[in-house]
Amino acid sequence: MMEIFQEWYDHRHEYAKHWKKKNKNGKVMGYFCTYVPEEILYAADILPVRILGSHEPQDVTEPHIFGMYCPFCRDCLAQGLKGRYDYLDGIMISQSCLHIRQAFTSWQIHIPISYSYYLPMPHNLQSKHARPYLRNELAVFKKSIEDWTGQKITEQKLDEGIEVMNKNRRVLKQMYETRKAEQPPMTGLEAMYLAVSDQMIDKNEHTQVMETILKKLPGRKLERSTGTRLMIIGSEDDDTAFIKMVESVGATFVVDDHCTGTRYFWNEVKPAQDRLQAIADRYIDRPACPTKDWMNRTRINHIFRLAKDYNVQGAIIIQQKFCDPHELDIPAIQQMFKENNIPTLFLEFDVTVPIGQFKTRVEAFLEIMQEEDLF
Amino acid sequence: MRYFAGIDIGASTTKSVVINESKEILGRHVVKSGADLPAAAQVTYQQALREAGLQPRDIHLIATTGFGRHNFPGAQRTITEISCHTRGAFHYFPRPITIVDIGGQDNKVIHVDGTGRIINFKMNRKCAAGTGTFIEEIAYKMDLPLGELNRLAKESVKDLRLGIYCTVFRATEILTKIRIGEKKEDIVRGVFCSVAQRIIEMDPLEGDVVMTGGVVAHNEIIAELLGLLTNKKILLPPEPQIIGALGAALIVIPYAEEKV
């Protein structure tokens, strides 16, 4: 019953092209970072799709992005340069890290597109100035979208946009929560397809499908044993090959802290009279990306909470090669898990990962946790 | 008396060990892994059996390990080389140890507590600098027989240092050293020194350090250099290259009852 999410993931481009045909004059916006306020896009009847890589070795980005920029930002730009996103009407980014911003600006320069927008998302979210700052930036952005589409975004449309996003987040979170069960009714691989496809598909449709599945999900029995309950932590991650490998050697991912996973949908917009402020607050209060998690580091408690709530036995911490913001947090995350007697395994990811070598590490990691068997 | 076998199908060589339930090694054999892993595993298993004076039917349980561990259909268990090296090294040194295993394509640093449990482990990333493959490459570039390197390095009297990353850049650096007239003995010692430094930068070495694997088995100067650089006594088990295979065989002994 979960196959549809993988189908959407595998055929993301066909889906978006089909959506455009179905929605006469419908615009598709490619976005590079999950701090992009999709509420405003939905309010303008625009389909937001997240630009992701394809996990294939490529040779087109070298002239545009430094070699020591992360493999993910290079992979994203490669998709554009290869014309796979040729249906996009616009692209946008919210300021998060320099690497993905380089992919965005390079896209602006080298791939003709009629609309592009850089949203200056503040970094110091803990400053009292962040909230009015972002609210005003959202107002400027909303105006830009109105000018582009030629249509005013009314308060009512904004409410609709908020409701589409909130409902989707709520149902997706309920889907995730079924994984707290002793025998989770979905694998980590299925959960990855579920959450990542959510960033590609019209939320109305995605929510509707989830609601149908959610009714049957708690009773679903997987014909596999759960094994060791794992959490996976890192930046963006749609490396399905890795997840599949880990789940083939006696483990199940039960929760994640990824911006392709929980960080994307974990909290909702709290309705308020000032809609733009309500939206701004939602992005400021969401589980933080490490680029925005200071002066105080709030991620650690949040990750600990997730690990407890989902009864996690071990955590795999991944780092996209050269991703400095995430690397900075890794010692603190490892320390927290160590203090709570939850073993961790650190792995460095690239566009493709060496599955054979990683398999040895993962199996050894699982052997250590189940070690009564061996020693 | 029951008998057990461990087969370590590694990236460079495949090793088999046959033991009895008193944990005595009765046979062992090492071959190059080559391109046909099941064949290499079979050959080395048969040879180890022959040395032990046993037939396949005498073997109670077989465990495989190493990167090619799924290439021996007759095995009852497959276990990662991390756990097997730990079990094998702990057999000789039952106390808190740090195991440094240098293999054909992997370096491992494994921290083990006083009960033989793994505290944590690290392996090299994608890069093969400082592994057996690195040494093979340098021997090839310098046109020296692999088997001569240990002896040559021992004749060196100069502390020549090379960078520790990247096999390809090391080869270029060595060309520079040759051009300015450095002696091959000193260069080879420098190569081994870079292997030891690569290990040191991977992870802190705590407690007694035990080295295993084929590279140190054939080039024990690496243990000497690692000791020199860390000011620690480096311990070597009797046959460092077969420690993984031995560990695999030791791990399955307690499972003998289950099979009956």
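FYI, it's all coordinate maths here, none of it is from the lab. Just so you know, these numbers come straight off a predicted model, no measurement behind them. Note that we place each Cβ from the backbone using ideal geometry, even for glycine, and neighbour counts take in every protein chain shown.
What FRET efficiency comes out for residue A:301 versus residue B:95 if R0 is 51 angstrom and r is the Cβ-Cβ distance? Round to the nearest 0.05.
0.85
Using the Karplus equation 6.51 cos²θ - 1.76 cosθ + 1.60 (θ = phi - 60°), what ³J(HN,Hα) coupling, rounded to whole Hz, does each residue of segment B:207-221 give in order, writing x for Gly and Pro?
Once θ is set to phi - 60°, the couplings for segment B:207-221 become x, 6, 9, 10, 9, 9, x, x, 5, 6, 4, 9, 9, 5, 4 Hz.
Give me the dipole magnitude in Debye, nearest 20, for segment B:86-223 about the Cα centre, with unit charges on the beta carbon: positive for Lys and Arg, negative for Asp and Glu.
That gives segment B:86-223 a dipole magnitude of about 180 debye.
May I ask for the longest run of chain A untouched by trypsin sites (Lys or Arg not before Pro) that are loop-located per DSSP and have at most 11 neighbouring C-beta atoms (other than their own) within 10 Å?
A:222-375
Explain nothing, just compute: Karplus ³J(HN,Hα) = 6.51 cos²θ - 1.76 cosθ + 1.60, θ = phi - 60°, for every residue of segment A:336-349 in order, whole Hz, x for Gly and Pro.
Per-residue couplings from phi come out as 4, 5, 4, 4, 9, 6, 10, x, 10, 10, 9, 9, 9, 9 Hz.
Please compute the modelled spin-label separation between residue B:206 and residue A:17, points set 7 Å along Cα→Cβ, answer in nm with one decimal.
5.7
Counting only Cα, what are the radius of gyration and maximum Cα-Cα distance Dmax of the protein assembly as shown, in Å?
Looking at the protein assembly as shown, its Cα Rg and Dmax stand at 28.1, 89 Å.
If the cut-off is 18 Å between C-alpha atoms, which aspartates and glutamates fall inside it for residue B:177, apart from same-chain ones fewer than 8 positions away?
B:137, B:143, B:155, B:159, B:185, B:186
Find the all-direction average of the projected area of the Cα convex hull for chain A, expressing the result in square nanometres with one decimal place.
18.4
Residue by residue, what Karplus-based ³J(HN,Hα) values in Hz, rounded to whole numbers, does segment B:17-23 have, using 6.51, -1.76 and 1.60 with θ = phi - 60° and x for Gly and Pro?
Here the 3J(HN,Hα) series is 9, 10, 10, 9, 5, 8, 6 Hz.
Place +1 on the Cβ of every Lys and Arg and -1 on the Cβ of every Asp and Glu in segment A:1-58, take the dipole about the Cα centre, and give the residue among A:42, A:8, A:26 whose Cα lies farthest towards its positive end.
Toward the positive end, the furthest listed residue is A:26.
Please pull out the direction-averaged projected area of segment B:71-198, using the convex hull of its alpha-carbon atoms, in nm² to one decimal place.
10.0
Measuring from centroid to centroid over Cα atoms, what is the spacing of segment B:191-205 and segment B:130-170 in Å?
14
Please list, or write none, the aspartates and glutamates whose alpha carbon is within less than 14 Å of the alpha carbon of residue A:270, excluding same-chain residues fewer than 8 places away.
A:39, A:159, A:160, A:163, A:281, A:285
Calculated FRET efficiency, residue A:220 and residue B:55, Cβ-Cβ r, R0 56 Å, to nearest 0.05?
0.65
So which of A:321/B:141; A:359/B:232; A:24/A:152; A:24/A:143; B:141/B:232; B:122/B:233 end up more than 26 Å apart by C-alpha?
Too far apart for the 26 Å limit: A:321/B:141; A:359/B:232; B:141/B:232.
Do any GluC sites (Glu not before Pro) in segment B:132-167 lie in a loop, going by DSSP, with at most 13 other beta-carbon atoms within 10 Å of their beta carbon, and if so which?
In loop regions of segment B:132-167 (DSSP not H, G, I, E or B), there are no sparsely surrounded GluC sites (Glu not before Pro).
Could you compute Rg(Cα) / (2.2 N^0.38 Å) for segment A:292-366, with N its residue count?
Normalised by 2.2 N^0.38 Å, the Cα Rg of segment A:292-366 equals 1.17.
Relative contact order for chain A: what percent, with Cα pairs under 8 Å and sequence separation of 6 or more?
Answer for chain A is 19 percent.
Determine the calculated [θ] at 222 nm for chain B from helices alone, applying -39500 (n - 2.57) to every DSSP H run no shorter than 4 residues and normalising by the residue count; nearest 500 deg cm²/dmol.
-12500 deg cm²/dmol
Output the antiparallel fraction of DSSP beta bridges having both residues in the protein assembly as shown, as a percent to the nearest 5.
Rounded to the nearest five, the antiparallel share is 35 percent.
Stick to Cα atoms and the Kirkwood definition of Rh, then tell me Rg/Rh for segment B:194-254.
Looking at segment B:194-254, the ratio lands at 1.03.
What distance in nm lies between label points placed 7 Å from Cα along the C-beta direction at residue B:151 and residue A:273?
It works out to 9.2 nm between the two label points.
Need the full-extension length gain, residue A:204 to residue A:60, defined as separation in residues times 0.36 nm minus the C-alpha distance. One decimal, nm.
Here the segment from residue A:204 to residue A:60 would lengthen by 48.3 nm.
So what does the Cα-only Debye profile of segment A:113-194 read at q = 0.21, 0.22 Å⁻¹, as log10 I(q)/I(0), no solvent term?
After summing over all Cα pairs, the log10 values are -1.01, -1.04.
Looking at chain B as a GNM with Cα springs under 10 Å, which of B:157, B:100, B:188 has the largest mean-square fluctuation?
The residue with the greatest mean-square fluctuation here is B:157.
Once you list every other residue whose beta carbon is under 14 Å from the beta carbon of residue A:258, what net charge do they have if Lys and Arg are +1 and Asp and Glu are -1?
Within the 14 Å Cβ shell, the charges total -4.
Go through segment B:1-71 and name the GluC sites (Glu not before Pro) that are in a DSSP coil and have 16 or fewer other Cβ atoms within 10 Å of their Cβ.
Loop-located and lightly packed - B:21, B:24.
Tell me the mean residue ellipticity at 222 nm calculated for chain A from its helices only (DSSP H runs of n ≥ 4, each -39500 (n - 2.57), averaged over every residue, nearest 500).
-15000 deg cm²/dmol
Report the charge-dipole magnitude of segment B:47-127 in Debye, nearest 20, computed about the Cα centre from +1 at each Lys and Arg Cβ and -1 at each Asp and Glu Cβ.
Result for segment B:47-127 is approximately 200 debye, rounded to the nearest 20.
Report the extension gain between residue B:171 and residue B:183 in nm, rounded to one decimal, defined as 0.36 nm multiplied by the number of residues separating them, less their alpha carbon distance.
So the chain would gain 2.8 nm between residue B:171 and residue B:183.
Would you pull out the residues with amide H under 5 Å of residue A:344's amide H, same chain only if 5 or more places away, H placed 1.01 Å from N?
Hits under the 5 Å cutoff: A:315.
Residue B:229 versus residue A:321, label points 7 Å from Cα toward the beta carbon: distance in nm?
Result: 2.3 nm between the two label points.
In percent, how large is the relative contact order of segment A:219-375, given Cα pairs closer than 8 Å and 6 or more residues apart?
26
Across peptide A:355-367, how many C-beta atoms of other chains are within 10 Å of each residue C-beta, on average?
That average works out to 5.
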